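First the structure, in the form of structure tokens, and then the observations on it.
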Amino acid sequence: MTEKKPYGEVLDEMDHQAKYQPATEPRALRPLDPLLPGETRSEYLARLERAQAGTAQQLVARIKRSSKYYGQTEPGRWFDVRVVNDRSYHLRGNDNNYRLGDVVLGMRTDAVTVVNLANGKIEVEI
């Protein structure tokens, strides 16, 4: 028959075990980024390698044809933007302020590649 220990002794023993047991190695976490539409496995691995290397990404935008600001840039051209805390014009870029409804957002992953956030397509700038 096992002898019951007072509750305080049980807690002390558990605390001692937690402090002095060797920590197990955490398992390596893999990014869960799926393959993008039309992307090959080698392109995915290259993108993953760039992401792990710490390559900075930049939020970009291009003005929609339906916007009254269309024509402020070369048609279809992506430009760098940043998000600011503003009541209506949340984006700054191209030396102007823009509403989210006036632009299509994208993410520049390297010097020439942009992922269109509206449809997920990868676009290469020339």
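If you take the residues of the stretch 71-94 that are in contact with a Lys or Arg (Cβ under 7 Å, 6 or more places away or on another chain) and loosely packed, with under 15 Cβ neighbours inside 10 Å, which of them is nearest to ALA111 (Cα to Cα)?
Restricting to residues being in contact with a Lys or Arg (Cβ under 7 Å, 6 or more places away or on another chain) and loosely packed, with under 15 Cβ neighbours inside 10 Å, the top hit is ARG77.
Would you confirm whether or not the stretch 35-45 contains a residue that is modelled with pLDDT under 90, assigned to a loop (DSSP other than H, G, I, E, B) and surrounded by 13 or more Cβ atoms within 10 Å (Cβ to Cβ)?
Restricting attention to the stretch 35-45, the residues satisfying the condition of being modelled with pLDDT under 90 are 35-45.
Now drop any that are not assigned to a loop (DSSP other than H, G, I, E, B), which leaves 35-40.
Now narrow it down to the ones that are surrounded by 13 or more Cβ atoms within 10 Å (Cβ to Cβ): 36, 39.
Taking every residue of the stretch 35-45 in turn, at least one turns out to be modelled with pLDDT under 90, assigned to a loop (DSSP other than H, G, I, E, B) and surrounded by 13 or more Cβ atoms within 10 Å (Cβ to Cβ).
Do we have LYS5 as at pLDDT 70 or above and assigned to a loop (DSSP other than H, G, I, E, B) here? Lay out the reasoning, then the answer.
Working: at pLDDT 70 or above: no; assigned to a loop (DSSP other than H, G, I, E, B): yes.
So LYS5 fails the test.
Can you tell me which residues in the stretch 53-76 are in contact (Cβ under 8 Å) with a residue 24 or more places away in the chain and in a loop (DSSP other than H, G, I, E, B)?
Within the stretch 53-76, the first condition is being in contact (Cβ under 8 Å) with a residue 24 or more places away in the chain, and the residues that meet it are 55, 57-64, 67-69, 72.
Hits for the stretch 53-76 are THR55, GLN57, LYS64, SER67, LYS68, TYR69, GLN72.
When you check LYS121 against the structure, is it surrounded by 10 or more Cβ atoms within 10 Å (Cβ to Cβ), under 28 Å from GLY38 (Cβ atoms) and more than 20 Å from the chain's Cα centre (by Cα), yes or no?
On the way: surrounded by 10 or more Cβ atoms within 10 Å (Cβ to Cβ): yes; under 28 Å from GLY38 (Cβ atoms): yes; more than 20 Å from the chain's Cα centre (by Cα): no.
So LYS121 fails the test.
The values are calculated or read from the model by the stated rules, or taken from the named source; none is laboratory data. Because the structure is a prediction, the values reported are computed rather than measured. Here the Cβ is made from the backbone with ideal geometry for all residues, glycine too, and neighbour counts use every protein chain on show.
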